[in-house]
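Structure first, then comments.
The values are calculated or read from the model by the stated rules, or taken from the named source; none is laboratory data. Bear in mind that the values here come from a model prediction, so they are computed numbers and not experimental data. All Cβ positions, even for glycine, are placed from backbone atoms using ideal geometry, and neighbour counts span all protein chains on display. Side chains are part of the model used for accessible areas, which takes the heavy atoms of the whole protein and leaves out ligands, DNA and RNA. Shrake-Rupley method; radii C 1.70, N 1.55, O 1.52, S 1.80 Å.
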Amino acid sequence: MANALYPKWKEALIQNSADSDLDGTGSTGVFCALIDTGTYTYNSAHEFYSSLSGIVGTDQEIGATKSYTNGVFDGADLTFSSVTGASVEALVIYRKNAGANTTWRLVAYIDTGVTGLPVTPNGGNITVTWNASGIFAL
């Protein structure tokens, strides 16, 4: 699978649906999950976080360092602390809100162009280094 923006998120953007923007922080921020593709397979029909399986470690926020320049979304590299569990081959970016995870919009599936993937957790930290050209472009 190549990197992809979830079609349901693009649809939500076009319709200006609730929680489709990527400018929140904290409990309404943009987060990244480590994914074991032996358990989860990308599906263009997936819309919300509750569709995910194979999540490894604790999701990290792409925090206040987010940028939006010329249609490119970017943010600081992430460090997932003390990760144990299955292998990690992909990342999923999603927009969290104050509601249940059945309302957290899936934004992007990334399995190529990220330094450090795939990786097998050993209890240490996993650092995600985004591509120098940004996380994704619209």
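Details
- Which listed residue is among the hydroxyl-bearing types (Ser, Thr, Tyr), touching a residue at least 12 places away in the same chain (Cβ under 8 Å) and within 17 Å of residue 135 (Cα to Cα), from 79, 39, 84: 79
- On inspection, residue 91 passes the criterion of being out of contact with any helix residue (DSSP H, G or I) (no Cβ under 9 Å at 6 or more places or on another chain) and open to solvent by less than 10 Å² (accessible area, probe 1.4 Å).
- Reported count of residues in the range 45-56, each being open to solvent by less than 40 Å² (accessible area, probe 1.4 Å) and either farther than 15 Å from residue 108 by Cβ or over 15 Å from the mean Cα position of the chain (by Cα) (or both), is 2.
- Residues satisfying the stated conditions in the range 42-58, i.e. of a type in the set (Gly, Ala, Ser) and without any contact (Cβ under 8 Å) to a residue 60 or more places away in the chain: 44, 45, 50, 51, 53, 54
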